[in-house]
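Okay, handing you the structure first.
The values are calculated or read from the model by the stated rules, or taken from the named source; none is laboratory data. Values in this document were obtained by computation on a predicted structure and should not be read as measured data. A quick note on method: Cβ atoms are made from the backbone with ideal geometry, for glycine too, and the neighbour counts reach across all protein chains shown.
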Amino acid sequence: MSSQAAAIVSFLTILPARGSLEDAARGFYLSPAVGAAVGVLAGLAGLAVAQVADPLLAGVAAAAALAALTGMHHADGLADLADGLMAHGGRQRRLGAMRDTATGTAGAAATSVSFVSLAVLASLAGPWLLEAVIVSEMAAKFSMVAASRAAPPAAPGSGSLFAGMLDWRRVAVSGAVAASPALLLGPGALLVLGAAVGAGLAVAAVSSRALGGITGDVLGAVNEVSRIAALAVAVSL
């Protein structure tokens, strides 16, 4: 495994890999491939529970596996963004609220809604749970790449570092990887990808207006919101 691949695996998951933040930024475009691995593991966890329990519990298992495998990093970003958006005052006040280590009411509500939504949607996937989780996770990871390229950084940090390492060639490669499930699953996978990217860009647009750009926390929120949008489309196909 290359240093960039190992670093982005380490950055996005709890899987045993090592690498610097700079290498993770250089390998950020490989995020959909990491999403595929995470999706396989989480989907298999859901399928295993589905063999012995109610579909809703299978959905809970898949959602819990996603949270565990990613170390809750993205969920933490969603919580921070929610707290920031609810803070009164200007951009610096909102950014300050996002840096606060204590999770506020808005953050707790956002993460709760996110987890429940994932669990319920995953429970509706039925026998296609594995495929739905894999495609949705890959799409969510590409949404972070797309948002990084589309919106300016709001402040110095991981968001600006990752955006600075992206060029259109890397974005194209990342998009091709995210779209690859369509080769096996058909054009519906592209609809899932489109829903995820649209949701992610919407989060980036809201962040840009409220904060002046995006941050690492915003990218985490992009992942969470995009995953829900992708899974909602996936289970409806």
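Yes or no: Val116 touching a helix residue (DSSP H, G or I) at 6+ places or on another chain (Cβ under 7 Å) and in a helix (DSSP H, G or I)? So that I can check it myself, show each step before the final result.
Working: touching a helix residue (DSSP H, G or I) at 6+ places or on another chain (Cβ under 7 Å): no; in a helix (DSSP H, G or I): yes.
When the stated conditions are applied, Val116 does not pass them.
Based on what the data block shows, is Ser160 among the small types (Gly, Ala, Ser) and closer than 27 Å to Leu44 by Cβ? Walk me through how you get there before you give the answer.
Values: among the small types (Gly, Ala, Ser): yes; closer than 27 Å to Leu44 by Cβ: no.
No, not satisfied.
Which residue is nearest to Pro55 (Cα to Cα), if the candidates are limited to the stretch 208-237 and must be hydroxyl-bearing (Ser, Thr, Tyr) and surrounded by 20 or more Cβ atoms within 10 Å (Cβ to Cβ)?
We begin by selecting, within the stretch 208-237, every residue hydroxyl-bearing (Ser, Thr, Tyr); these are 208, 215, 226, 236.
With the extra rule that they be surrounded by 20 or more Cβ atoms within 10 Å (Cβ to Cβ), the set shrinks to 215, 226.
Details: Thr215: 36, Ser226: 23 Å.
The selected residue is Ser226.
Among residues belonging to the stretch 151-160 that are surrounded by 18 or more Cβ atoms within 10 Å (Cβ to Cβ) and touching a helix residue (DSSP H, G or I) at 6+ places or on another chain (Cβ under 8 Å), point out the one that is farthest from Ala97 (Cα to Cα).
The selected residue is Ala151.
So, in the stretch 161-189, exactly how many residues are touching a strand residue (DSSP E or B) at 6+ places or on another chain (Cβ under 6 Å) and either surrounded by fewer than 18 Cβ atoms within 10 Å (Cβ to Cβ) or free of Cβ contacts under 8 Å to residues at least 40 places away in the same chain (or both)? Before you say what the answer is, go through the steps one by one.
The initial filter retains those residues of the stretch 161-189 that are touching a strand residue (DSSP E or B) at 6+ places or on another chain (Cβ under 6 Å), namely 163.
Right, trim to either surrounded by fewer than 18 Cβ atoms within 10 Å (Cβ to Cβ) or free of Cβ contacts under 8 Å to residues at least 40 places away in the same chain (or both) and you get none.
Adding up the residues that qualify gives 0.
Let me ask another. Could you check the stretch 3-23 and list, in sequence order, the residues that are surrounded by 24 or more Cβ atoms within 10 Å (Cβ to Cβ) and either under 29 Å from Ala58 (Cβ atoms) or touching a residue at least 24 places away in the same chain (Cβ under 8 Å) (or both)? Please lay out each step first, then the result.
Within the stretch 3-23, the first condition is being surrounded by 24 or more Cβ atoms within 10 Å (Cβ to Cβ), and the residues that meet it are 7-9, 12.
If the condition is that a residue be surrounded by 24 or more Cβ atoms within 10 Å (Cβ to Cβ) and either under 29 Å from Ala58 (Cβ atoms) or touching a residue at least 24 places away in the same chain (Cβ under 8 Å) (or both), then Ile8, Val9, Leu12 are the ones that fit.
Something else about it: Return only the number of the condition from (1) outside any helix (DSSP H, G or I); (2) under 17 Å from the mean Cα position of the chain (by Cα) that Val135 does not satisfy.
Failing condition for Val135: (1).
Answer with yes or no whether Ala109 is surrounded by fewer than 17 Cβ atoms within 10 Å (Cβ to Cβ) and not in a helix (DSSP H, G or I). Write out each step before concluding.
Values: surrounded by fewer than 17 Cβ atoms within 10 Å (Cβ to Cβ): yes; not in a helix (DSSP H, G or I): no.
No: the conditions fail for Ala109.
A further question follows. Report yes if some residue within the stretch 162-182 is modelled with pLDDT of 95 or more and among the hydroxyl-bearing types (Ser, Thr, Tyr); otherwise report no.
Yes - at least one qualifying residue is present in the stretch 162-182.
Could you list, in sequence order, the residues of the stretch 36-76 that are assigned to a helix (DSSP H, G or I), of a type outside the set (A, V, I, L, M, F, W, C) and surrounded by 22 or more Cβ atoms within 10 Å (Cβ to Cβ)? It would help to see each step written out before you state the result.
First, the residues of the stretch 36-76 that are assigned to a helix (DSSP H, G or I): 36-50, 55-69, 73-76.
Then drop every residue that is not of a type outside the set (A, V, I, L, M, F, W, C), which leaves 39, 43, 46, 55, 59, 73-74, 76.
Those that are assigned to a helix (DSSP H, G or I), of a type outside the set (A, V, I, L, M, F, W, C) and surrounded by 22 or more Cβ atoms within 10 Å (Cβ to Cβ): Gly39, Gly43, Gly46, Gly59, His74.
Of everything in the stretch 92-107, what is free of Cβ contacts under 8 Å to residues at least 60 places away in the same chain and over 18 Å from Arg227 (Cα atoms)? Give them in sequence order.
Of the residues in the stretch 92-107, the ones free of Cβ contacts under 8 Å to residues at least 60 places away in the same chain are 92-93, 96-97, 99-107.
Of everything in the stretch 92-107, those that are free of Cβ contacts under 8 Å to residues at least 60 places away in the same chain and over 18 Å from Arg227 (Cα atoms) turn out to be Gln92, Arg93, Gly96, Ala97, Arg99, Asp100, Thr101, Ala102, Thr103, Gly104, Thr105, Ala106.
Determine the pairs where a residue that is more than 27 Å from Ala5 (Cβ to Cβ), located within the stretch 36-57, has a partner that is modelled with pLDDT under 95 and part of a helix (DSSP H, G or I) with Cβ atoms under 9 Å apart, the partner being 6 or more residues away or on another chain.
That search, which allows pairs on different chains as well, returns Ala50/Gly126; Ala50/Pro127; Pro55/Gly126.
On to the next question. Is at least one residue of the stretch 152-163 touching a Lys or Arg at 6+ places or on another chain (Cβ under 6 Å) and either within 23 Å of Ala230 (Cα to Cα) or outside any helix (DSSP H, G or I) (or both)?
Kept after step one, since they are touching a Lys or Arg at 6+ places or on another chain (Cβ under 6 Å), are these residues of the stretch 152-163: none.
No; the residues of the stretch 152-163 include none that is touching a Lys or Arg at 6+ places or on another chain (Cβ under 6 Å) and either within 23 Å of Ala230 (Cα to Cα) or outside any helix (DSSP H, G or I) (or both).
Let me ask something else. Under 7 Å between Cβ atoms, which residue pairs at least 6 apart in sequence (or on different chains) link something in the stretch 119-135 that is closer than 12 Å to Asp54 by Cβ and of a type in the set (S, T, N, Q) with a partner that is crowded, with 24+ Cβ neighbours inside 10 Å and at pLDDT 95 or above?
Close Cβ pairs satisfying both conditions: Ser123/Ala58; Ser123/Gly59.
Looking at the stretch 208-232, which of the residues that are at pLDDT below 95 and of a type in the set (Ser, Thr, Tyr) is farthest from the chain's Cα centre (by Cα)?
Only one residue tops the list, namely Ser208.
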